[in-house]
Amino acid sequence: MIEEEWDEAVISNDLVVRQRIKGYRFGLDALLLATDLPEPGEGAVVWELGAGQGAVALSVAAREPGWEVVALERHEGLLAALRENIERNGSRVRALEGDVRERAALPHGVAQLVLCNPPYFNPNSRRVSEDGERACARYELHGGLGDFARAAAKLLAPRGVFKVIAPPERLEDVLREASSAGLGAERVRFVHDTAQASAYLCEVWCRRGGKAVLEVRAPLVVRGEDGRYTGEVASRVAGAATRAPSEELSRRVSEARR
């Protein structure tokens, strides 16, 4: 790795994720995916599909030391970064090389929770990024939403939860593919940058064997009129990798502006 091409993102006092400056870089969506999760109990098994450089999996493992966390990634460069971040942080996350389309290689019914921030752009609808990491993370070049939903359905134990985050324009596809895979959508929450802005993300919770009764939760607004994170978002960001964020970390997150 060339040192000048990399930087470090501080998630908590004890978790720093290294990522390429010009490659795929995680954002707020990753920390939202890693938080507001069900409580499956001590010893829960959690899988992340398409883990990238590990921000989500590492955060969950750091915050929930009693959970077993497995991170699946197919891209060689991102997988190398994932493994390096696991080693650098002394994390218990288990990194696996794998493709969600190869479901025969996945274990059956082992997980209580599966997390996913899948690629959601159709490569035929817009110009694909020339950077391999960004292209794989954002464009459906190596599997679409249906592949991720079917992989999650195989991994999940009965009543296990699949949480996915995607742009609102793909919500219909997420719900359709999840239902086709046997995952009942239970909750949807739209994410807005400001109270006046249209939603730009949605969080979706599905359950294996869940009922077809969908709750649309109150919207999550990211920033107030002062440009700072709202209270809930600041709390989720500061607590993404720890249940007890330091006062300094909480203050730094709360005071951050766009």
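Odds and ends about this structure:
- Of all DSSP beta bridges in the stretch 3-255, antiparallel share, percent nearest 5: 50
- Among I86, I21, I11, sorting on how many other beta-carbon atoms sit within 10 Å of each Cβ, with the fewest leading, yields I21, I86, I11.
- For volume of the Cα convex hull per residue in Å³, calculated from these coordinates, the label among [x] 129; [y] 163; [z] 117: [x]
- Residue with peak Gaussian network fluctuation, the chain [Cα springs, cutoff 10 Å], from S179, S59, S246: S246
- Structural descriptor for the chain: relative contact order 18 percent, calculated from alpha carbon pairs under 8 angstrom and at least 6 residues apart.
- Computed about the Cα centre, the dipole magnitude for the chain is approximately 640 debye when only Lys and Arg (+1) and Asp and Glu (-1) carry charge, each at its Cβ.
- Among V237, V216, V45, V114, the ranking by other beta carbons within 10 Å of each residue's beta carbon, starting with the fewest, stands as V216, V45, V237, V114.
- Nearby aspartates and glutamates by direct alpha-carbon distance to K154 (threshold 14 angstrom, same-chain neighbours under 8 apart not counted): E48, D99, E102, E177
- With the charge dipole of the stretch 1-85 set up from +1 on Lys and Arg Cβ and -1 on Asp and Glu Cβ about the Cα centre, the Cα lying farthest toward the positive end among the listed residues I21, A55, A71 is that of I21.
- Sequence ranges 30-41, 69-80, 223-234, ranked by mean other-Cβ count within 10 angstrom, highest first: 69-80, 30-41, 223-234
- Helix content alone sets the calculated 222 nm mean residue ellipticity of the chain: runs of n ≥ 4 DSSP H residues at -39500 (n - 2.57) each, divided across all residues, give -8000 deg cm²/dmol.
Every read-out reported here was derived from the displayed coordinates using simple, explicitly stated rules and does not represent laboratory data. A quick note: this is a predicted structure, and the numbers were derived from the prediction, not measured. Please note: Cβ atoms are built from the backbone with ideal geometry, for glycine as well, and neighbour counts cover all protein chains shown.
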